[in-house]
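Have a look at the structure below, then the notes.
Please treat every number below as a calculation from the coordinates, not as lab data. The model shown is predicted, which means the values in this text are computed figures rather than measured ones. Here the Cβ is made from the backbone with ideal geometry for all residues, glycine too, and neighbour counts use every protein chain on show.
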Amino acid sequence: MELGLIGLGKMGGNMRERLRRAGHTVVGYDRNPEVSDVDSLEAMVGQLSAPRVVWSMVPAGSPTHETVRALRDLLEEGDVVVDGGNSRWTDDLEHAKYLAEQGIGFVDCGVSGGVWGLENGYALMAGGDASDIEKVQPAFDGLKPEGEFGWVHAGKVGAGHFSKMVHNGIEYALMQSYAEGFELLDKVDMVDNVTEVFRSWREGTVIRSWLLDLLVAALDDDSGLASIRGYADDSGEGRWTVEAAIENAVPMPAIAASLFARFSSRQDDSPAMKAVAAMRNQFGGHAMKTDAPATSSDEVGGPAPTSDTRGGHSPDQSSAATSAGSGSTDEPAES
């Protein structure tokens with residue numbers, strides 16, 4: 001088949017190559033002329049035969065909105081636009097309605113596979129009318145992994161991105177579980193080789209997975225992960241998953257906790273933990289780390305020591321509880 005592909009970054013560029021290997025004709029457009037096949041959207045559309053299929057792999061939000069608007073002016077009745085980015089499913093409903101005014105079909109497709117997709121194939125979750133899906137089917141067949149699985153027509157418009165959203169929410173929780181297990185194993189003295197423990201789990205255990213394989217690969221590169229800062233972004237889909245759970249009264253404690261853990265990772269000195277420490281000090285006299293008041297030795301350059309403050313409910317202990325001061329406190333394709 002012929003296909004127009006917009007956005008030739010890490011995902012889009014590899015998808016173009018995989019489709020070409022499958023025998024399809026792909027005309028790619030990107031703002032970067034070094035990777036683009038044509039110099040404009042108009043030129044891309046002009047090289048395609050009707051009914052045209054144009055697949056967008058640009059970031060969610062404004063870039064996708066602008067792309068859909070531009071394509072409505074360039075395409076004709078019977079053509080189909082596929083949004084393969086990480087758009088929110090509610091945007092799909094608006095885009096489908098907007099394009100339908102000109103008789104243009106719309107398919108939303110969640111794409112999973114990351115940088116490994118070129119060789120391994122991409123897991124695809126599509127939403128849209130059956131007639132539009134049929135026009136795109138050869139591309140789905142070319143992109144999906146070999147074998148029986150890896151592709152689904154999930155339902156009507158929005159179902160593809162909604163399914164991918166839940167997929168990424170589950171991914172958050174799985175990664176958080178592996179990460180917490182790593183920290184505990186690394187913390188204790190009795191485990192000599194954390195990397196080999198994780199490697200042993202890759203066969204025969206109920207927690208084996210591709211994510212586990214990737215963690216082992218990372219540990220092989222850096223056994224203590226010392227070169228990596230403990231900071232994790234979120235792509236937005238974890239948030240949307242939790243919001244959908246709230247809207248539908250579905251309990252989702254594991255996924256919600258994994259999302260909040262990512263927020264915690266961005267705080268060098270957590271204000272919340274300061275409050276917890278202060279409250280524990282107030283009700284139980286638990287040790288609390290504070291900065292000691294300056295002394296004459298401090299003023300001539302000696303570092304202020306860190307002291308433990310214990311207390312009950314006396315005024316002195318209350319002021320000590322507050323003397324620690326106050327602390328202070330982004331989005332790729334696949335989470």
**Message:** Test of understanding: extend the Cα→C-beta vector of residue 146 to 7 Å, then name every residue of the range 3-47 with backbone N under 19 Å from that spot.
**Reply:** 15, 17-24
**Item:** Cα-projected label distance for residue 276 with residue 192, points at 7 Å along beta-carbon direction, nm
**Value:** 3.4 nm
**Complete:** Amide H contacts under 5 Å for residue 105, restricted to residues at least 5 apart in sequence or on another chain and with H modeled in the peptide plane, are 78, 79, 80, 81
**Fill in**
Computed from the beta carbon distance with a Förster radius of 41 Å, FRET efficiency for residue 2 and residue 222 to the nearest 0.05 stands at 0.40
**Request:** DSSP loop (so not H, G, I, E, B), at most 12 other Cβ within 10 Å: list which GluC sites (Glu not before Pro) in the range 1-99 pass both filters.
**Result:** 34, 76, 77
**Request:** Assign one of three labels to the range 135-175, namely rounded, prolate or oblate, based on the Cα gyration tensor with a ≥ b ≥ c the square roots of its eigenvalues; rounded applies when a/c is under 1.5, prolate when it is not and a/b is larger than b/c, and oblate otherwise.
**Result:** oblate
**Message:** Between the range 189-246 and the range 163-179, what is the separation of their alpha carbon centroids in Å?
**Reply:** 11 Å
**Request:** Averaging sequence separations of C-alpha pairs under 8 Å and six or more residues apart, then dividing by the length of the range 165-264, give the relative contact order as a whole percent.
**Result:** 41 percent
**Request:** With an 8 Å cut-off on Cα pairs and a minimum separation of 6 or more residues, tell me the relative contact order of the range 2-157 in percent.
**Result:** 20 percent
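Output the pairs from 144/187; 135/164; 10/274; 164/187; 97/135 with a Cα-Cα distance over 29 Å in this structure; if there are none, say none.
Pairs exceeding the cut-off: 144/187; 10/274; 164/187.
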**Request:** Determine, from the Cβ-Cβ distance of residue 246 and residue 93 and an R0 of 22 Å, the FRET efficiency 1/(1 + (r/R0)^6), rounded to the nearest 0.05.
**Result:** 0.70
